[in-house]
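Asks: One structure is given below, represented as structure tokens, and several questions about it will come after.
The values are calculated or read from the model by the stated rules, or taken from the named source; none is laboratory data. Please read these numbers as outputs of a predicted model, since none were measured by experiment. Counting neighbours? That spans all protein chains shown, and the Cβs are built from the backbone with ideal geometry, glycine included. For accessibility, only protein heavy atoms count, side chains too; no ligands or nucleic acids. Shrake-Rupley method; radii C 1.70, N 1.55, O 1.52, S 1.80 Å.
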Amino acid sequence: MAILNAFEMLSKPPAELPSVAAVFGPDTTLRTWVISALSSDGDVTSFDGEAVRWSDLRDDLATASLFDFDGKRTIVIRDADKFVSNHRPELEKYAANPGESNRFVMEMTSLASNTKLYKAIAGDHLAVACSASTDKKLGITAANRRKFLCNYVAKRHGATLSGEAADALIEMLGEEIGMIETEIAKLALYKAPGETIDEPLVREVVAGWQGKTVWQITEAIATGNAAEALLQLDKLMSGGQRPIALLPQIAWSLRRLGMATAVVEHREREGRSVQLEDALASAGIHRPSDIQQSKAQLRGLGRARGKQLLPWLLDADLRLKGTHSADGRDRFLLEHLVMRLAKAAPQK
């Protein structure tokens, strides 16, 4: 079929979805959305690419769905970089003659364009590049990235986003779509349905918060100063800020520290050394002053606590949108999260 970037594929999916697809690139949010779009018409079975072997898949790839006679069954290999490296000949053979009853999707952080597998998938099936960085070869431009944020991401939250506001978000947050979506979700709460999120609101809310309050709360958490973190949190909630709007703002800073920790853990499991500066850069932290500040915060949190940042933030987000959405319970949840993080940090 073709090679598409995620912006194209999500905005206008192909009329006929392929039997084999490679979903690759550094942006985990885009990869997740693309896989969801590819598997929306039938049963889905997922395998861990770190553990699965080709022999484990042969029967599944030959077995149609037992419950959905109209749609194809989708078999997804998550984190498939190692799987592809170990089973390249088998995958090349399958791509040349895939089964008709299933759709086979591989999710990877990268896929070299000079390999036979890449050429087979891009030529006869579908390869989707999941990156928000501009790339002429992949057709990723600042213009279609802006359009994607305004038309696709903003609509996920019932929001209207101006082009200038989208550019400001890229400028301030970088190119990681998950982080930008979190900010758009927060900004949507400041506007009534039908009103437009404009550049001044982005700069007021995002820059103002990140410039002062997030830094204060993150610093307090990293040094184990729960009292200071709760004091700053109380000021914001007493001023009318709702917990559901505050959590994404707090998570913006902490999530990047969690992502950097995950990069370090992943590379160590592969037997590769990694500098903390490189891990922070992979998490979207590039300015020297930000890197130094983040290194100090990670040391304050410690490795064990850094590994828990992402799951704890995700758990809090799900609870705040579900069991703890009511007034009072939402505040308790946010205060409990801050206490949990700050109390666990080693005292200096």
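Asks: Condition first: buried (at least 18 other Cβ atoms within 10 Å of the Cβ) and over 25 Å from GLU270 (Cβ atoms). Now tell me which residues in the range 76-98 satisfy that.
Replies: TYR94, ALA95
Asks: When the range 185-202 is examined, which residues are found to be closer than 9 Å to ALA159 by Cα, without any contact (Cβ under 8 Å) to a residue 60 or more places away in the chain and crowded, with 17+ Cβ neighbours inside 10 Å?
Replies: Scanning the range 185-202 gives LEU187, ALA188, ILE197.
Asks: Could you list, in sequence order, all residues of the range 85-100 that are over 30 Å from the mean Cα position of the chain (by Cα) and among the small types (Gly, Ala, Ser)?
Replies: If the condition is that a residue be over 30 Å from the mean Cα position of the chain (by Cα) and among the small types (Gly, Ala, Ser), then ALA96, GLY99 are the ones that fit.
Asks: Can you pull out every residue in the range 100-127 that is part of a loop (DSSP other than H, G, I, E, B) and β-branched (Val, Ile, Thr)?
Replies: THR109, THR115
Asks: Test each condition in (1) at pLDDT 90 or above; (2) open to solvent by 50 Å² or more (accessible area, probe 1.4 Å); (3) within 19 Å of the chain's Cα centre (by Cα); (4) of a type outside the set (Asp, Glu) for ARG267 and report the one that comes out false.
Replies: (1)
Asks: If you don't mind, there's one more thing I want to ask. Filter the range 108-123 down to residues that are of a type in the set (Val, Ile, Thr) and open to solvent by less than 30 Å² (accessible area, probe 1.4 Å) and give me whichever is farthest from VAL34 (Cα to Cα).
Replies: Only one residue tops the list, namely THR115.
Asks: Please state which one of SER253, SER273 is among the polar types (S, T, N, Q) and surrounded by 17 or more Cβ atoms within 10 Å (Cβ to Cβ).
Replies: After ruling out the rest, the residue left standing is SER253.
Asks: Sticking with this structure for a sec: Working only within the range 322-334, note down all residues that are of a type in the set (Asp, Glu) and open to solvent by 60 Å² or more (accessible area, probe 1.4 Å).
Replies: Within the range 322-334, ASP327 is the sole residue that qualifies.
Here is a yes/no grid of residues against (1) under 27 Å from ALA342 (Cα atoms); (2) under 23 Å from the mean Cα position of the chain (by Cα); (3) of a type outside the set (Lys, Arg):
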site	(1), (2), (3)
ARG145	no, yes, no
ALA154	no, yes, yes
LEU169	no, yes, yes
MET172	yes, yes, yes
GLU176	yes, yes, yes
LEU201	no, no, yes
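Asks: Which one is surrounded by the most Cβ atoms within 10 Å (Cβ to Cβ), of the residues in the range 128-156 that are assigned to a strand (DSSP E or B) and out of contact with any Gly (no Cβ under 6 Å at 6 or more places or on another chain)?
Replies: Of everything passing the filter in the range 128-156, VAL128 is surrounded by the most Cβ atoms within 10 Å (Cβ to Cβ).
Asks: I would also like to ask the following. Taking the range 278-294 as the region of interest, how many residues are outside any helix (DSSP H, G or I) and either modelled with pLDDT of 85 or more or open to solvent by less than 70 Å² (accessible area, probe 1.4 Å) (or both)?
Replies: The qualifying residues number 3.
Asks: Now for a different question. Would you confirm whether any residue within the range 196-211 is touching a Pro at 6+ places or on another chain (Cβ under 7 Å) and modelled with pLDDT of 80 or more?
Replies: No, the range 196-211 contains no residue that is touching a Pro at 6+ places or on another chain (Cβ under 7 Å) and modelled with pLDDT of 80 or more.
Asks: Starting from residues that are touching a Cys at 6+ places or on another chain (Cβ under 9 Å) and outside any helix (DSSP H, G or I), keep the ones in the range 157-182 and report whichever is surrounded by the most Cβ atoms within 10 Å (Cβ to Cβ).
Replies: Residue satisfying both the conditions and the ranking: LEU161.
Asks: Follow-up question, since we're still on this one. Test ARG319 against the criterion of being at negative phi, in contact (Cβ under 8 Å) with a residue 40 or more places away in the chain and open to solvent by 60 Å² or more (accessible area, probe 1.4 Å), and give yes or no.
Replies: No: the conditions fail for ARG319.
Asks: Still on this structure, I have one more. Looking only at the range 295-348, which residues are outside any loop (DSSP other than H, G, I, E, B), out of contact with any Ser or Thr (no Cβ under 9 Å at 6 or more places or on another chain) and farther than 23 Å from GLN216 by Cβ?
Replies: Across the range 295-348, the qualifying residues are ALA304, PRO311, LEU314, ASP315, LEU318.
Asks: Are any residues in the range 44-63 touching a residue at least 24 places away in the same chain (Cβ under 8 Å), outside any strand (DSSP E or B) and open to solvent by less than 50 Å² (accessible area, probe 1.4 Å), and if so, which ones?
Replies: Correct list: GLY49, VAL52, TRP54, ASP60, LEU61.
Asks: Still on this model: When both residues are 6+ apart or on different chains and their Cβ atoms are under 9 Å apart, which pairs have a first residue that lies in the range 1-14 and is touching a residue at least 12 places away in the same chain (Cβ under 8 Å), and a second that is open to solvent by 60 Å² or more (accessible area, probe 1.4 Å) and part of a helix (DSSP H, G or I)?
Replies: Between residues of the range 1-14 that are touching a residue at least 12 places away in the same chain (Cβ under 8 Å) and residues that are open to solvent by 60 Å² or more (accessible area, probe 1.4 Å) and part of a helix (DSSP H, G or I), the close pairs are MET1/ASP124; PHE7/LYS147; SER11/LYS147; SER11/ASN151.
Asks: While we're here: Are there any pairs with C-beta distances below 8 angstrom linking a residue in the range 233-262 that is without any contact (Cβ under 8 Å) to a residue 60 or more places away in the chain and closer than 15 Å to LEU301 by Cα to a residue that is open to solvent by 20 Å² or more (accessible area, probe 1.4 Å) and among the charged types (D, E, K, R), with the two at least 6 apart or on different chains, and if so which?
Replies: Within 8 Å, the pairs are GLY258/LYS307; THR261/ARG303; THR261/LYS307; ALA262/LYS307.
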